[in-house]
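Just below is one structure, and these are the notes that go with it.
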């Protein structure tokens, strides 16, 4: 492994570790947050839902922006957004501010995570990629394993705000090193598929909104059904658009490749 490969793998893994750890630690500390901010159960749920909503909705858009404007650039921007949003979470005086800050965290994560994988794939040749991805996923798994324990320690021994303050030094280190140690690269297609971005963003929003609101509003409610139907309709329109546009953000031919189709959770789209 070369020095450049080691830096890319290390920084991509650190970014993934930050996102996974933050999400799990927050879930563990929800009861403490509720008591401190006197939040209702419904409002407390949105500290998780707001993050998941923006993350899921903007995931493909984050990858497309990286291909268009530079993967390192958008990766660093995403880290900065996530770090700044973490500080805003820590300073939140009420549950409403915390929810908005969590939504901003999700937007940052949507830029960081897909590009962390892209940076690894671009840096490592096929014969080394499997080992690199194994190390990357192993560190992410470490966050999954240790998250509940760390969350419990922070919630009991420190203020819950420290969950988010931890991201400040980690984010600052990752941003500084990524800007210096990771080479810039772009995707094979540097044109931004604006129509594709709009369709997939609104479609994902409708589907995820329906899933998030299903238990609270009722799975048979007009709100949930209309959101799901609209979301599915827009996703179908996205697939049709991607098949005919000259510069698709997600070329449908990729799904003919067995490795891509089986590994990608979006294979139900085609």
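So the check is Cβ under 9 Å with 6+ separation or different chains; which pairs have a first residue in segment 97-111 that's free of Cβ contacts under 8 Å to residues at least 12 places away in the same chain and a second one that's buried (at least 23 other Cβ atoms within 10 Å of the Cβ)?
Final answer for the pair search is 97/89.
Looking for something at pLDDT 75 or above, surrounded by 13 or more Cβ atoms within 10 Å (Cβ to Cβ), in a helix (DSSP H, G or I) and over 22 Å from the mean Cα position of the chain (by Cα) - is there at least one such residue anywhere in segment 185-200?
no
Looking at residue 186 and the list (1) touching a residue at least 60 places away in the same chain (Cβ under 8 Å); (2) assigned by TED's automatic domain parsing to the domain that holds residue 246, which single condition is not satisfied?
It is condition (2) that residue 186 fails.
Identify the single condition in (1) crowded, with 22+ Cβ neighbours inside 10 Å; (2) within 15 Å of the chain's Cα centre (by Cα) that residue 56 does not satisfy, given that it satisfies every other one.
Unmet for residue 56, out of (1) crowded, with 22+ Cβ neighbours inside 10 Å; (2) within 15 Å of the chain's Cα centre (by Cα): (1).
Take residue 208 and tell me if it is at negative phi, in contact (Cβ under 8 Å) with a residue 40 or more places away in the chain and in a helix (DSSP H, G or I).
yes
Answer yes or no as to whether residue 153 is at pLDDT 90 or above and farther than 28 Å from residue 192 by Cβ.
Taking the combined requirement at face value, the residue does not satisfy it.
Looking only at helices (runs of 4 or more DSSP H) that fall completely inside segment 81-167, which ones have 1 or more residues that are loosely packed, with under 14 Cβ neighbours inside 10 Å?
Those helices (runs of 4 or more DSSP H) span 95-123, 126-157.
Being more than 22 Å from the chain's Cα centre (by Cα), at pLDDT 75 or above, more than 24 Å from residue 66 (Cα to Cα) and in a helix (DSSP H, G or I) narrows it down to one of 227, 216, so name that one.
On inspection, the qualifying residue turns out to be 216.
The values are calculated or read from the model by the stated rules, or taken from the named source; none is laboratory data. None of the values given here were measured: they were computed from a predicted structure. FYI the Cβ positions are ideal-geometry reconstructions off the backbone, even for glycines, and counts take in every protein chain you see.
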